[in-house]
Amino acid sequence: MSDLLSRVVVPVASDADASATAAAIAAHDAEVGDVTLVYVVEKAGGAPDKAGVEQREAAAREAFDTFDAALPNVTVDREIVYDTDILDAILSVAADVDATAIVFTPRDGGRFVRMLTGDISLRLVTGADRPVVSLPRPVDHTDESPVDE
């Protein structure tokens, strides 16, 4: 295992995202050491939240379980964090665990979706204080298109 992947933070946004990320790690024979899965519950900063806390925490646990099932030989820590900025939350966890890298798979979305969401993938790659490994999304061989969420 390279030192680059000895202690990684893996952000997951959903069950499908966790599945795609685990599949991407497996497909590239990426040998990772300590893994901290991060699910960010985006807070609205004073406005009503999009979903209840219990609902979001249940979605996080489902995503974590999906990742665990796809990579049963990888031991992971699980972190649910609450923040008004997803990138800040991911970077904070990476600093807290002294991560050697952040590993993720970019999610699909056109320019309009990226504009509305602030294109977190771009901000992660350009704003991180440590290496970021962007793995290509696995291909569903039935139609040769990336796996969708």
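Miscellaneous remarks
- Using θ = phi - 60° and Karplus 6.51 cos²θ - 1.76 cosθ + 1.60, couplings along region 65-73 (whole Hz; Gly, Pro as x): 4, 5, 4, 4, 5, 6, 10, x, 8
- Summed side-chain charge close to Asn73 - residues other than Asn73 whose Cβ falls under 13 Å, Lys, Arg +1, Asp, Glu -1: -3
- Surface share of carbon and sulfur [accessible, 1.4 angstrom probe, percent] for region 55-101: 43
- When you count the other C-beta atoms within 10 angstrom of each residue and take the mean per peptide, 99-106, 120-127, 33-40 line up highest first as 99-106, 33-40, 120-127.
The values are calculated or read from the model by the stated rules, or taken from the named source; none is laboratory data. Remember, it's a predicted structure, so these values are computed and weren't measured experimentally. All Cβ positions, even for glycine, are placed from backbone atoms using ideal geometry, and neighbour counts span all protein chains on display. Just the protein is used for accessible areas: all its heavy atoms, side chains included, with ligands, DNA and RNA removed. Shrake-Rupley method; radii C 1.70, N 1.55, O 1.52, S 1.80 Å.
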